[in-house]
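Down below is the structure, laid out as structure tokens.
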Amino acid sequence: MKFEILAPAGNRECAFASLNAGADAIYLGLEEFSARQSAENFNAESLKEICAYAHLLGARVYVCLNTLVKDEEADAFFSCAVGAWNAGADALLIQDIFLGKLLKESYPEMVLHLSTQGGCCNEYGALLAKDYGFSRVVLARETPLKEIKKISAIIETEAFVQGALCSCFSGQCYFSSFAGNNSGNRGRCKQPCRKRYSIDRAGFEKSAYALSLSDLSLGKKIDELIGAGVCSFKIEGRMRRKEYAAAAVKYYKALREGRGSSKELIDLKRAFNRGNYTEGLGFGQKENFLSRNVQGHIGEDVGEVTVTKRGYFCRSAFVPEKGDGFKILRGGSEVGGAAAAGTEKDGFYLTSSARLSAGDRVCVTTSKAASEAALAGKRLRPVKIGLSFIAGEKARAEAEGLIFEDGEVLEEAKSSPLTEEEIISCFEKTDTLPFAPVIAVKTQGAFLPKSKLNAFRRAFYEALKNFLTPCRDRLEARPLPDVGLKKGTGEKRACIVSGAADGGADIVIFKPCEYAHIPTQGGKEKYLYLPPFFTSEDEELIAPALAGFDGFYCEGYYGILLAKKYRKKLFAGTGFNLTNRYAVSEAQKVADYFALSKEISAREASALSAENAFTLSGGAIKVMDLVYCPFSQDCNNCDRRQQYALTDEEGRKFPLRRYVLSGACRFEVYNCALLSKNICANALYDNTLSGIEGMRETKGHSERSMQ
């Protein structure tokens, strides 16, 4: 089996741990424009260091510049991209496909990958990415196998196989932004989806982690992914510890080599395991998809509690060590933590501040042995070295095509000439370089002080490192093109509706609850709303109804080519995340109308106002797109309401809307407050939730900028 194992590197330690474990490539972020701003990340110097180290091992380094870029940051973004490329990055991950297009046109040498934040889930998105100069797409986590095959036939694909799952379709989550001014699209997500909520439906009224998904693990599906054409297997986890990164790499490396993976999977579970793993949406929403009872790491189940006269006992084959940690679960919910308090032949005793009961499950969450196993070993590059130290000649070293000589002729030894053993012993020291030298020596009567021998060795290895990792031609930063936006004078009103009421809007965007039953539309300029996740089955479902619409209002980049195919107008929705003039300029070329990002301030929106540009100015604010059922697909007992209320622990109610495209139900989460109506040119109103009770208005487009 052949596939790239791509590992996370949130910091320098994790980078080395992933590479030493056998990763073929690592991905990391810089101090700016990284979707994981809370990670330690890298600066120019540390990036250059890790690129050189990785390249010596034959591994690659991908740099994430995958956040939305505001207008005033464009110069810094391009400068950052040039700096990362010059430091040795093998590819740059970009979220904004329009900025990526401009970056590729400005620097054709660069290799660009479209981030999962770009939402590529169908062939139209793949074709657009390829046309814009991207060489790879990171698939949306929800992409089914059928679509993966089509995409992989168009462009190189990278798929997440391990780690945390976002509740929302990537690139379309605004929950953290509106809940606390911490934009996930800007790398500052505070994960409100991991908090407790109740839902006003029978059986779901109790507060739980209603939107928290289990960790993904697709080790059992690698053959199917390879068969679908996926070339890179991506491990999520730039915010996790080095033990996790290394354990995950070793698990997938064992699978690739066809070895039994049970031990590696155990070590991985002990490093981090939320919800006992799920196979995700690509293979259907199945058991363990939601982790409603436990939000965090549950480790590996090793036995159950027995209450004895001596205390709490766990009958288990697991032998704890000092420092190991445990989590106790009862009925799937967390009771508390525990520590080992002595071992016996068939198990061990536990101490816990919580009152434990017979039958409670004991899970290892911190294992010293597993951590040591994950971090054991150092990956080295075998290097054959030929050394010559002959009196009357220059000291000479040859390796990998490099010939390195000292500037001085070696003196003849008067008493103690250099020996083969001394030379080998010296050159076996490679300092921090990952070399495994295989040394052959020729020496005859030469004298060289030990200090000079060591200096020659250091100079040789430095020359070898530079020879094996040559600097690419340096790119020079160029000024960005002067983009003049076409200014508009229109004052049209566009309205998103799920029913018949449109409030007299000039443009009506119809958002069905059941896409299988789309009524024929008449009058005015009318568009069919298309969500960010869209498959070939969805296309087949809506195709018969398209004659009744002038065009599409689409939340994903795929809409550009879909509209062309059906010769329809395109209204690029807020999901296009237009935050800078370069993206807006491109949107003007490909869309008849477009909406600016819902996260930017009124001041920033004013600077981007252009012909046919719309601003979300009133009504509901959608903050999440869920491609799954939060009720665990309990279809037999479902009341099939169109709207529910998701209530947090502070009593705030977030509307939860159900709709059906093809296949299973999908859901949308809306902000707890309506957007107050603002008078502006080309206003977009979202009346999807008209009639919802308990909603209040909030100011639209405050002067605070998206963080």
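The values are calculated or read from the model by the stated rules, or taken from the named source; none is laboratory data. Not measured: the values here are computed from a predicted model. Neighbour counts are summed over all protein chains in view; Cβ atoms, including those assigned to glycine, are modelled from backbone coordinates with ideal geometry. Just so you know, the surface numbers come from the protein's heavy atoms only, side chains and all, with ligands and any DNA or RNA stripped out. Shrake-Rupley method; radii C 1.70, N 1.55, O 1.52, S 1.80 Å.
Computed over segment 153-307, the P(r) tail beyond 23 angstrom holds 45 percent of alpha carbon pairs. Extending 7 Å from the Cα toward the beta-carbon at both Asp639 and Ser536 defines two label points whose distance is 3.9 nm. Three principal axis extents describe the C-alpha atoms of segment 11-52; from largest down they are 27, 18, 15 Å. Between Asp131 and Arg196, what is the FRET efficiency for a Förster distance of 56 Å, r being their Cβ-Cβ separation, to the nearest 0.05? With R0 = 56 Å, the Cβ-Cβ based efficiency is 0.80. Apply 1/(1 + (r/R0)^6) to the Cβ-Cβ distance of Ser451 and Asn43, taking R0 = 30 Å, and write down the FRET efficiency to the nearest 0.05. With a Förster radius of 30 Å, E is 0.30.
Plainly put, segment 94-174 has a radius of gyration that is 0.97 times its Kirkwood radius, both from alpha-carbon atoms, as the Rg/Rh ratio. Given 4 °C and 1.567 mPa s, how large is the Stokes-Einstein diffusion coefficient of segment 411-561 in µm²/s, with Rh as the Kirkwood radius over Cα pairs? Rounded, D is 55 µm²/s.
Compactness of segment 146-241 is given as radius of gyration and Dmax, 16.6, 46 Å, from Cα positions.
One quarter of the surface of the convex hull around the alpha-carbon atoms of segment 1-108 equals 7.1 nm², the direction-averaged projected area. Skipping prolines and chain starts, which residues have an amide H placed within reach, meaning under 5 Å, of the one on Glu611, given they are 5 or more residues away or on another chain? Here Lys486, Lys487, Gly488 satisfy the definition. Using a probe radius of 1.4 angstrom, the carbon and sulfur fraction of the accessible surface of the chain is 48%.
Using the Stokes-Einstein relation with a Kirkwood hydrodynamic radius computed over Cα pairs, the translational diffusion coefficient of segment 348-464 at 37 °C and a viscosity of 0.692 mPa s comes to 185 µm²/s.
Only protein heavy atoms count here; on that basis, with a 1.4 Å probe, Lys565 has an accessible area of about 110 Å².
Taking the Cα centre of the chain as reference, the dipole from Cβ charges on Lys and Arg (+1) and Asp and Glu (-1) amounts to some 1300 debye.
Shown here: segment 383-422, whose C-alpha atoms stretch 34, 23, 9 Å along the first, second and third principal axes, sorted largest to smallest.
Working value for segment 164-209: equivalent-ellipsoid semi-axes of 23, 11, 9 Å, each the square root of 5 times a Cα gyration tensor eigenvalue, largest first.
Considering only Cys635, Ala563, Phe576, and ranking their Cα positions along the charge dipole of segment 559-654 that arises from unit charges at the beta-carbon of Lys, Arg, Asp and Glu, the one farthest toward the positive end is Ala563.
Scattering from the chain was approximated by placing one identical point on each alpha carbon and applying the Debye formula without solvent; log10 I(q)/I(0) at 0.09 1/Å stands at -0.85. Among Val335, Ala370, Ile390, which residue has its Cα positioned farthest towards the positive end of the charge dipole of segment 292-392, with +1 placed on the Cβ of Lys and Arg, -1 on the Cβ of Asp and Glu, and the dipole taken about the Cα centre? Going by the Cα projections, it comes out as Ile390.
Per residue, the solvent-accessible area of the chain (1.4 Å probe, heavy atoms of protein chains only, all protein chains present) comes to 41 Å².
Which FRET efficiency value, to the nearest 0.05, do you get for Lys565 and Phe467 by plugging their Cβ-Cβ distance into 1/(1 + (r/R0)^6) with R0 = 60 Å? Mind dumping the intermediate values first?
Details: r = 51 Å, r/R0 = 0.85.
The value I calculate is 0.75.
Distance between the pseudo-spin-label points of Ala76 and Arg381 (7 Å out from Cα toward the beta carbon): 3.5 nm. Taking every C-alpha pair closer than 8 Å and separated by at least 6 residues, the mean separation divided by the residue count of the chain gives a relative contact order of 13 percent.
Dipole of the chain computed with +1 at Lys/Arg Cβ and -1 at Asp/Glu Cβ about the Cα centre; of Ala605, Ala440, Ser183, farthest Cα towards the positive end is Ser183. Debye-formula intensities of segment 565-633, expressed as log10 I(q)/I(0) at q = 0.18 Å⁻¹, are -0.72 (one equal scatterer per alpha-carbon, no solvent).
Considering all C-alpha pairs of segment 296-423, those separated by over 21 Å amount to 59%.
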